[in-house]
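Structure first, then comments.
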Amino acid sequence: MSAFVARPVAAIAALKAYDPGHDLPALRQRFAAGALTELGSNENPLGPARAVLDALHGMPVAELLRYPDPMGLGLRRDLASSLGVDPAQVVLGNGSHELLMLLAQCFAGPGDEVVFSEFGFAVYSIGTAAVGATPRRVGAHPRTGAAPRGHDLGALAAAIGPRTRLVYLANPNNPTGTWFSRAKLSEFLRAVDPGVPVVVDEAYHEYVDDPEVGNAVALLPAHPNLIVTRTFSKGYALAGLRVGYAVADPSVIEVVNRLRESFNVNALGLALARLALKDNQHLARVREFNRTQRSRMAHAFEQRGLFVHPSMTNFILVDFERPAAAIEAAWLECGVVVRPMGGYGLPTCLRISIGSEAENRRLIETLDAVLA
């Protein structure tokens, strides 16, 4: 036996790995085919557009044995055209997760501070710790009010100081589902030192149906320090291919490209994301299905006197007002997977994805027994 023990640098030694919630491959083996209802990872139950599936079946072998385009120029051009920006303002990532980590590596380090909200996406904290920066976690809104446990933009702006090198926002936010308007974001950006990069994580942008939310990309011309990240994992249903992107000032993109891994987006992802991006009709169907099912799911919990956070995403966050671990475990015994929230400091809550009609029905049918 080797006496070797890995001794990471201090920042990594103190770091906890990203928690996916459950070992889903093991659970799939445990339950018979079709017996597991997976409502913990915020995936799109309608799947990708038909053109994506057709192309996947006919994908030539050359797409597998050759390295992909290292700059992803075709997809970047399509995204730029869709968003009304220049291709030099777009960088691709292995999901938006990679880009969120890269931005911390590019702009923060030991002695610096990174500002983000309480109940924000776990990767903001991980990215901060990985580079040895100091997290400034700002208290969220209270549970009562228009944005329960959502970002308090005023408090976040006040927390930015001379050591702040990066700010993370999410709109809508995971895991709360809450959101803020583009007008509020514009007001926030005007209050921030223009030398501080502000990341707006719009992973759930495709599910937004409030016109006042708009999109942060429209604010880029007025705020060169703004960075918008998005993904093809949610609305476009390509979670298994890991394709994300960031839109920012060309100077930001140039810095990220210095550190970005070579060939970080695979050939299948590059090709199929381009097809997914073109099918606006499928995306409209996804959005409408999600809106209807989300409303039905929320109503089922509210009928039972439970608090459901308002959501503009493909999940709901339910507060059971008692420790939720036993409820989550009881659902798991029924073959229903939801996401525990103890790691986010929300031990009385569970995050529940909007699944297919059959999956949602199964969850609701077991709800009373699980609560008992």
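Under a Gaussian network description of the chain, with springs only between Cα atoms under 10 Å, the residue in Ala271, Ala13, Ala133 that fluctuates furthest is Ala13. Cut-off 10 angstrom, C-alpha nodes, Gaussian network model of the chain. Which of Thr128, Thr231, Thr292 fluctuates the most? So, out of Thr128, Thr231, Thr292, the one fluctuating most is Thr292.
A Gaussian network model of the chain, with springs between Cα atoms under 10 Å, assigns the largest mean-square fluctuation among Glu43, Glu359, Glu302 to Glu302.
Calculated on the alpha-carbon coordinates, the convex hull of the range 123-203 measures out at 95 cubic angstrom per residue. Note: the chain, Cα convex hull, 167 Å³ per residue. Structural descriptor for the chain: relative contact order 23 percent, calculated from alpha carbon pairs under 8 angstrom and at least 6 residues apart.
Taking Cβ atoms as reference points and 12 Å as the exclusive limit, the residues near Ala140 contribute a net charge of +1, counting Lys and Arg as +1 and Asp and Glu as -1. Note on Asp210/Leu371: beta-carbon distance plugged into 1/(1 + (r/R0)^6) with R0 of 25 Å gives a FRET efficiency of 0.20. If you sort the three axes of the alpha carbon gyration tensor as a ≥ b ≥ c, you get a/c of 1.5 or more for the range 73-158 and a/b no higher than b/c, which makes it oblate. May I ask for the net charge around Thr366, where only other residues with Cβ less than 15 Å from the Cβ of Thr366 are counted and Lys, Arg are +1 while Asp, Glu are -1? Around Thr366, the surrounding residues sum to -3. The 3J(HN,Hα) values that the Karplus relation (6.51, -1.76, 1.60; θ = phi - 60°) gives for the range 78-87 are, in residue order, 5, 5, 4, 5, 5, 9, x, 10, 8, x Hz. Gly and Pro appear as x.
One decimal place: the segment Ala62-Ala326 gains 90.0 nm when fully extended, by the rule 0.36 nm per residue minus the C-alpha distance.
Only one residue of Pro110, Tyr168, Ala183 has its Cα farthest out toward the positive end of the dipole of the range 50-278, where Lys and Arg carry +1 and Asp and Glu -1 on Cβ, and that residue is Pro110.
Remark: the range 50-278 carries a charge dipole of roughly 200 debye about the Cα centre, counting +1 on each Lys and Arg Cβ and -1 on each Asp and Glu Cβ. Database remark: amide H of Phe307 closer than 5 angstrom to the amide H of Asp319 (H placed geometrically; neighbours at sequence offset of 5 or more, or on other chains; Pro and chain starts carry no H). Between the residues Asn264, Leu153, Pro142, the greatest Cα displacement towards the positive end of the dipole of the range 126-269, with unit charges on the Cβ of Lys, Arg, Asp and Glu, is found for Pro142. Tell me, how many Å apart are the Cα centres for the range 301-343 and for the range 91-157? Here the two parts' Cα centres lie 24 Å apart. Computed 3J(HN,Hα) for the range 130-142, one whole-Hz value per residue from the Karplus formula 6.51 cos²θ - 1.76 cosθ + 1.60 where θ = phi - 60°, is 4, 9, x, 7, 9, x, 10, 8, 9, x, 7, 4, x, glycine and proline marked x. Using θ = phi - 60° in the Karplus curve 6.51 cos²θ - 1.76 cosθ + 1.60, the 3J(HN,Hα) couplings for the range 250-260 round to x, 5, 5, 4, 4, 5, 4, 5, 5, 9, 4 Hz; x is entered for Gly and Pro.
Every number in this text was worked out from the coordinates using simple rules, so none of it is lab data. Note that this is a predicted model, so its numbers are computed, not measured. Neighbour counts run over all protein chains shown; Cβ positions are idealised from the backbone, glycine included.
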